[in-house]
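This report concerns only the one structure given below.
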Amino acid sequence: MSAIIRQPTSGDLVGRDFARVRASTARLSTRRIAWLVGIAFACALALAALRIDILRTRYALGAAIREEKALVQHQRQQTAVLEALRHPSRLVELAEKRGFAPPRRVIDLRKSSRSPQGREAASALQVSRSEPQASEDHRAGEAERSVGPREGWQASEAHEGGASLR
């Protein structure tokens with residue numbers, strides 16, 4: 001077997017002396033140092049900007065949470081006010097002040113609409129668009145206003161003879 005001697009190429013690493021190569025590249029030029037310092041400074045500025053942005057976001061989030069809590073509290077207060085306005089005892093008091101009286105007769109249209117009398121009563125109960133006039137029921141209610149709500153209901157039933165339809 002004969003040995004073939006080959007000439008080294010530029011990409012060939014076998015037989016190269018790396019001691020000289022390291023010594024020549026160990027010294028960085030000032031231009032490379034300036035570039036590295038510039039890149040490091042840009043990265044530091046980007047990191048600082050990111051942290052500042054995170055702080056701003058946290059402050060905005062805290063303000064939004066405080067505003068949400070205030071709005072929830074306001075909603076609770078408004079709900080309590082609405083419930084107080086809808087309270088049955090308040091509505092009874094307002095009805096008495098404005099002259100409302102318990103009904104003298106109740107017609108359940110769902111049950112009575114099948115009968116001929118129920119159809120006649122339903123057609124007679126059409127709402128007028130003109131100004132409301134004081135009806136006999138209202139005048140009777142004014143006369144009974146001195147009686148409490150329960151007694152007034154019983155008195156009106158006794159006056160009608162218990163003629164409420166259900």
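The values are calculated or read from the model by the stated rules, or taken from the named source; none is laboratory data. This is a predicted model, so every value here is computed, not measured.
Quick notes on this structure:
- Residues that are modelled with pLDDT under 90 and aliphatic (A, V, I, L, M) number at least 3 in the following helices (runs of 4 or more DSSP H) confined to segment 25-142: 116-124.
- Unmet criterion (only one of (1) assigned to a loop (DSSP other than H, G, I, E, B); (2) at pLDDT below 65) for Val21: (1)
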